[in-house]
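Before any comments, here is the structure.
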Amino acid sequence: MLLSHQKNQKMHFELYKTLFVKKRLDLIAERLSKPVSSEEKSSFLFTPEERIEGFDTVCFSYPGLTDPDPAFNGTLRSLLYLNSSKELCLSTWATGKDPRIEILLPNIKSYSLVFFDPQTNEWKDRWPAHFSHLPVWMRLHIKADESLEFLFRISQSSEPILYVEGL
């Protein structure tokens with residue numbers, strides 16, 4: 001019974017870690033559809049040219065939620081990346097403040113990002129900063145002890161998706 005309980009606890013812990021990552025990035029994806037501020041026309045998302053630890057990163061700009069630190073109540077910027085300790089991290093900063101770094105998942109072997117472009121109806125490995133629109137979907141695939149895949153809806157995308165039936 002004790003072994004069964006410990007196995008169950010470990011399974012719950014792994015599930016909670018996965019749900020935390022999903023919830024945290026879902027929140028950012030949702031915030032991308034909100035107006036940012038008067039000085040910036042809209043939120044943005046792009047994949048920087050520079051790689052960290054050999055992996056692509058993704059950068060977001062979005063309006064923050066209510067936070068005890070007033071600097072983090074305005075426009076925020078976040079960077080999703082893999083650090084040198086093979087941890088999936090989310091670094092978030094506000095103007096004039098040191099970044100907050102959250103470790104989302106430890107022991108990551110690799111990860112990849114793809115973005116669905118509503119203008120071409122194709123998945124893209126990179127999302128350039130010069131694109132004036134956001135992707136409809138962002139897919140995050142993580143290789144760790146087990147493979148995980150997350151799909152995030154970017155709500156701002158208002159262009160229709162055209163589905164073509166196979167022959």
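The values are calculated or read from the model by the stated rules, or taken from the named source; none is laboratory data. Remember, predicted model here, so these are calculated numbers, not experimental data. FYI the Cβ positions are ideal-geometry reconstructions off the backbone, even for glycines, and counts take in every protein chain you see. Surface accessibility is based on the protein's heavy atoms, side chains included, excluding ligands, DNA and RNA. Shrake-Rupley method; radii C 1.70, N 1.55, O 1.52, S 1.80 Å.
If a residue must be modelled with pLDDT under 75 and open to solvent by 50 Å² or more (accessible area, probe 1.4 Å), how many such residues does the stretch 16-41 contain?
5
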Which listed residue is at pLDDT 85 or above and over 15 Å from the mean Cα position of the chain (by Cα), from HIS141, HIS130 = HIS130
Given the conditions (1) among the acidic types (Asp, Glu); (2) farther than 26 Å from PHE13 by Cα; (3) under 15 Å from the mean Cα position of the chain (by Cα), which single one is not true for GLU102?
-> (2)
If you take the residues of the stretch 118-141 that are in contact (Cβ under 8 Å) with a residue 60 or more places away in the chain and surrounded by 18 or more Cβ atoms within 10 Å (Cβ to Cβ), which of them is nearest to LYS22 (Cα to Cα)?
-> LEU140
State all residues of the stretch 1-26 that are more than 15 Å from ILE142 (Cα to Cα) and either in contact (Cβ under 8 Å) with a residue 12 or more places away in the chain or small (Gly, Ala, Ser) (or both); if no residue qualifies, say none.
-> SER4, ARG24, ASP26
If we ask which residues in the stretch 84-100 are closer than 20 Å to PHE46 by Cβ and out of contact with any Phe, Trp or Tyr (no Cβ under 6 Å at 6 or more places or on another chain), their number turns out to be 6
